[in-house]
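Let me begin by presenting the structure, written as C-alpha coordinates, before commenting on it.
The values are calculated or read from the model by the stated rules, or taken from the named source; none is laboratory data. Because the structure is a prediction, the values reported are computed rather than measured. Heads up, the Cβs are rebuilt from the backbone with ideal geometry, glycines too, and the neighbour counts pull from every protein chain shown.
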Amino acid sequence: MSGSNKSFCCPESKVLTEEICGVLDGPIDQVVWTAPSPSDYFQGTFTVTNTGPTSFIFSVNGVVYTVPPGNTVSVSVNNPANFIVTLVEGDTGKYCITLYKRFFV
(Lines give C-alpha, C1' and ligand atoms only; values in the text may rest on other atoms or scores of the structure.)
Protein backbone atom coordinates (compact mmCIF):
# COMPACT_ATOMS: atom_id res chain seq x y z
CA MET A 1 0.00 0.00 0.00
CA SER A 2 1.72 3.12 -1.20
CA GLY A 3 1.79 6.21 1.04
CA SER A 4 0.80 4.25 4.14
CA ASN A 5 1.24 5.77 7.58
CA LYS A 6 4.12 3.99 9.39
CA SER A 7 2.79 4.99 12.82
CA PHE A 8 -0.14 2.67 12.20
CA CYS A 9 2.07 -0.41 12.53
CA CYS A 10 5.11 0.92 14.41
CA PRO A 11 4.74 1.92 18.03
CA GLU A 12 5.36 5.54 18.89
CA SER A 13 8.44 6.11 21.04
CA LYS A 14 8.86 8.52 23.93
CA VAL A 15 12.07 9.64 25.62
CA LEU A 16 12.35 9.68 29.39
CA THR A 17 15.01 11.95 30.91
CA GLU A 18 16.50 11.18 34.33
CA GLU A 19 18.89 13.42 36.28
CA ILE A 20 21.16 12.31 39.12
CA CYS A 21 23.39 14.82 40.90
CA GLY A 22 25.66 14.62 43.90
CA VAL A 23 28.68 15.85 45.82
CA LEU A 24 32.12 14.21 45.76
CA ASP A 25 34.34 14.27 48.84
CA GLY A 26 37.58 12.25 48.74
CA PRO A 27 38.83 9.74 49.34
CA ILE A 28 36.62 7.91 46.85
CA ASP A 29 37.42 5.11 44.42
CA GLN A 30 34.09 3.59 43.54
CA VAL A 31 31.24 3.13 41.11
CA VAL A 32 28.83 6.03 41.57
CA TRP A 33 26.26 4.86 39.02
CA THR A 34 25.58 1.65 37.10
CA ALA A 35 22.88 1.02 34.50
CA PRO A 36 20.38 -1.64 35.59
CA SER A 37 21.01 -3.42 32.27
CA PRO A 38 23.47 -2.65 29.46
CA SER A 39 20.83 -1.37 27.03
CA ASP A 40 18.63 0.59 29.47
CA TYR A 41 19.80 4.04 28.36
CA PHE A 42 20.62 5.04 24.79
CA GLN A 43 22.58 8.16 25.81
CA GLY A 44 23.97 9.88 28.88
CA THR A 45 25.76 13.13 29.66
CA PHE A 46 28.20 13.08 32.59
CA THR A 47 29.33 16.45 33.96
CA VAL A 48 31.96 16.57 36.70
CA THR A 49 33.24 19.74 38.41
CA ASN A 50 36.45 19.82 40.45
CA THR A 51 36.23 22.21 43.43
CA GLY A 52 39.35 20.84 45.13
CA PRO A 53 43.07 21.62 45.01
CA THR A 54 44.31 18.81 42.73
CA SER A 55 43.24 16.99 39.56
CA PHE A 56 41.15 13.85 39.86
CA ILE A 57 39.77 11.28 37.44
CA PHE A 58 36.48 9.72 36.51
CA SER A 59 35.53 7.13 33.92
CA VAL A 60 32.44 6.30 31.91
CA ASN A 61 32.27 2.90 30.22
CA GLY A 62 35.98 2.44 30.95
CA VAL A 63 37.17 5.65 29.27
CA VAL A 64 39.13 7.80 31.76
CA TYR A 65 38.86 11.60 31.96
CA THR A 66 40.93 14.02 34.07
CA VAL A 67 39.32 17.03 35.77
CA PRO A 68 41.86 19.77 36.64
CA PRO A 69 41.24 21.97 39.73
CA GLY A 70 38.58 24.62 39.13
CA ASN A 71 37.38 23.02 35.91
CA THR A 72 34.36 21.13 34.64
CA VAL A 73 34.49 18.21 32.21
CA SER A 74 31.35 17.05 30.42
CA VAL A 75 31.12 13.97 28.21
CA SER A 76 28.28 12.50 26.21
CA VAL A 77 28.22 8.72 25.88
CA ASN A 78 26.06 6.32 23.89
CA ASN A 79 24.76 3.31 25.85
CA PRO A 80 26.24 4.35 29.24
CA ALA A 81 26.88 1.44 31.58
CA ASN A 82 28.83 2.85 34.54
CA PHE A 83 30.35 5.96 36.11
CA ILE A 84 33.37 5.61 38.41
CA VAL A 85 35.18 8.38 40.31
CA THR A 86 38.59 8.39 41.98
CA LEU A 87 39.50 11.18 44.42
CA VAL A 88 42.20 11.29 47.08
CA GLU A 89 41.85 12.80 50.55
CA GLY A 90 41.12 16.53 50.24
CA ASP A 91 39.68 16.36 46.72
CA THR A 92 36.13 17.69 46.31
CA GLY A 93 33.71 18.13 43.48
CA LYS A 94 30.21 17.57 42.20
CA TYR A 95 28.59 15.62 39.39
CA CYS A 96 25.41 15.64 37.34
CA ILE A 97 24.29 12.77 35.15
CA THR A 98 21.53 13.19 32.57
CA LEU A 99 20.26 9.89 31.17
CA TYR A 100 17.99 9.31 28.20
CA LYS A 101 15.82 6.21 27.89
CA ARG A 102 13.51 5.36 24.99
CA PHE A 103 10.29 3.49 25.54
CA PHE A 104 7.38 2.69 23.29
CA VAL A 105 3.75 3.53 23.90
Region 83-105, residues that are loosely packed, with under 14 Cβ neighbours inside 10 Å and assigned to a strand (DSSP E or B): R102, F103, F104
Selection count where residues are in a strand (DSSP E or B) and more than 12 Å from the chain's Cα centre (by Cα), scope region 8-19: 4
Scope region 16-75; condition surrounded by 15 or more Cβ atoms within 10 Å (Cβ to Cβ) and aliphatic (A, V, I, L, M); matching residues: L24, I28, V32, A35, V48, I57, V60, V67, V73, V75
Members of region 71-82 found to be of a type in the set (S, T, N, Q) and not in a loop (DSSP other than H, G, I, E, B), listed by number: T72, S74, S76, N78, N82
Selection count, region 37-48, where residues are within 23 Å of K94 (Cα to Cα) and either of a type in the set (S, T, Y) or at pLDDT below 90 (or both): 3
